[in-house]
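Encoded as structure tokens, the structure appears first; notes follow it.
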Amino acid sequence: MRMWMVPVSKMCRKHLLGEHVEIHMLVGTILRERSIEGYIKNDLIEPKSIYKRHQEIVEEMLKRGYNHNSPLLEINFSSKVIKPYLEHKVDSKKSYLDLIIRCKDCRDLK
């Protein structure tokens, strides 16, 4: 699971929709009270931004003419699984460099 935390307009279809799915998977992981520590240690998620990021992705999906019919379930931010990591921020510059190295389509959206 990964939240790229780069401007959604700079993400190709595959990465935009992929991050959307992964945010839903992340919420499911948190609701099942599974550890997210590994995702934090690897700088892959930004817990406090889950809902805002989902909304940004949905808006971009609709702007591009994609459908969206999957509201995000509500999580408890005081849960022991997420609370210790609420302030973690993804290094968005590093994440963007990783994204454009991996994906020609995202690189072309500069």
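Here are a few things to note about the model shown:
- Expected 222 nm ellipticity per residue - DSSP helices of 4 or more, -39500 (n - 2.57), all of the chain, to 500: -14500 deg cm²/dmol
- Cβ-derived FRET efficiency at R0 41 Å, Asp108 paired with Lys80, nearest 0.05: 0.45
- Rh by Kirkwood over Cα pairs, then Stokes-Einstein D for region 5-57 at 0.890 mPa s and 25 °C, µm²/s: 210
- Relative contact order [Cα under 8 Å, 6+ residues apart], region 8-105, whole percent: 39
- Note on region 39-100: semi-axes of the ellipsoid equivalent to its C-alpha gyration tensor, largest first and rounded to whole Å, are 23, 19, 7.
- When the alpha carbon gyration tensor of the chain is reduced to an equivalent ellipsoid, its three semi-axes come out at 24, 17, 10 angstrom, largest first.
- Cut-off of 10 Å, at most 14 other beta carbons, DSSP loop: longest stretch of the chain lacking such GluC sites (Glu not before Pro): 34-73
The numbers here are math on the coordinates, done by the rules we state, and not lab data. Treat the numbers as computed from the prediction; the structure is a model and nothing was measured. Neighbour counts are summed over all protein chains in view; Cβ atoms, including those assigned to glycine, are modelled from backbone coordinates with ideal geometry.
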